[in-house]
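Here's the structure, in structure tokens; my notes come after.
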Amino acid sequence: MQFTTEKVAQDYLNLAHPNPQIREQANMDLLQFKSSSQAWLISKELLNVQVDPSLQFLGAQVLYLKIRTDYSVLQEQEIDEIKQYVLESIYEGQGKFNQQTFKQLCTSASVIGLKMIQNNWKNFIQDMINLANSSTQNLYASLEILSSLCRELQGVDVQLSLVQDVKIISLKNFQVLIPRIDSKRFESFKRCRC
């Protein structure tokens with residue numbers, strides 16, 4: 001099946017249709033869409049839809065799902081492009097997305113970082129800390145990425161020793177950033193069980 005941004009948007013809207021057959025067909029089409037190779041491009045297009053924040057969130061959700069499920073089939077260049085796209089969307093798009101979409105993009109960045117930290121992005125956590133230190137705007141985005149690490153560690157295939165290393169490095173660096181953040185966010189990260 002060929003998917004377009006317009007078709008996916010219409011299927012998404014049809015999930016609330018009063019006719020149960022239309023809702024069921026829309027759901028089936030969206031499930032098929034999420035597993036398609038076209039979902040990578042269309043998720044990015046949905047993130048650029050300015051008139052409907054729910055479509056932006058759908059784009060962020062699909063992108064997250066694709067990163068979680070299809071990362072292993074990507075070529076190194078594709079991985080770098082997705083990493084760059086997600087980070088640019090987060091850091092340059094602040095204020096463009098609602099909080100839910102912004103957090104979903106940050107969670108996607110965490111998953112990318114966790115998958116790449118084992119080989120070709122060993123400085124992932126330090127890079128996030130450096131970005132956090134570069135400006136107040138980047139501080140909150142970086143903290144959101146780092147704070148979603150713990151949740152995502154459980155679903156990403158990483159070495160057990162790496163899990164503990166990520167938590168220790170993150171906590172150490174969070175302590176450096178404490179003067180710049182509220183204590184609730186730090187305490188919530190410390191209580192996180194990885």
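Of note:
- Some residue of the stretch 118-134 being under 20 Å from I79 (Cβ atoms), at pLDDT below 80 and touching a helix residue (DSSP H, G or I) at 6+ places or on another chain (Cβ under 9 Å): yes
- Condition check for L55: among the aliphatic types (A, V, I, L, M), buried (at least 22 other Cβ atoms within 10 Å of the Cβ) and either over 27 Å from M1 (Cα atoms) or in contact (Cβ under 8 Å) with a residue 24 or more places away in the chain (or both): no
Here is a yes/no grid of residues against (1) modelled with pLDDT of 95 or more; (2) outside any helix (DSSP H, G or I); (3) over 27 Å from S135 (Cα atoms):
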residue	(1), (2), (3)
D11	yes, no, yes
P18	yes, yes, yes
Q50	no, yes, no
F57	yes, no, no
L63	yes, no, no
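- Cross-chain or 6+ apart pairs with Cβ under 7 Å, the stretch 81-109 first and free of Cβ contacts under 8 Å to residues at least 60 places away in the same chain and within 18 Å of T136 (Cβ to Cβ), then among the β-branched types (V, I, T) and in a helix (DSSP H, G or I): C106/I90; C106/I145
- Only a single criterion out of (1) under 14 Å from the mean Cα position of the chain (by Cα); (2) closer than 19 Å to I145 by Cβ is not satisfied by G95, namely (1).
- Qualifying residue in the stretch 145-156 (condition: at pLDDT 85 or above, assigned to a helix (DSSP H, G or I), among the acidic types (D, E) and under 24 Å from Q77 (Cα atoms)): no
The values are calculated or read from the model by the stated rules, or taken from the named source; none is laboratory data. Here the structure is a predicted model, which means the values were calculated and not measured. We place every Cβ from the backbone using ideal geometry, glycine too, and count neighbours over all the protein chains shown.
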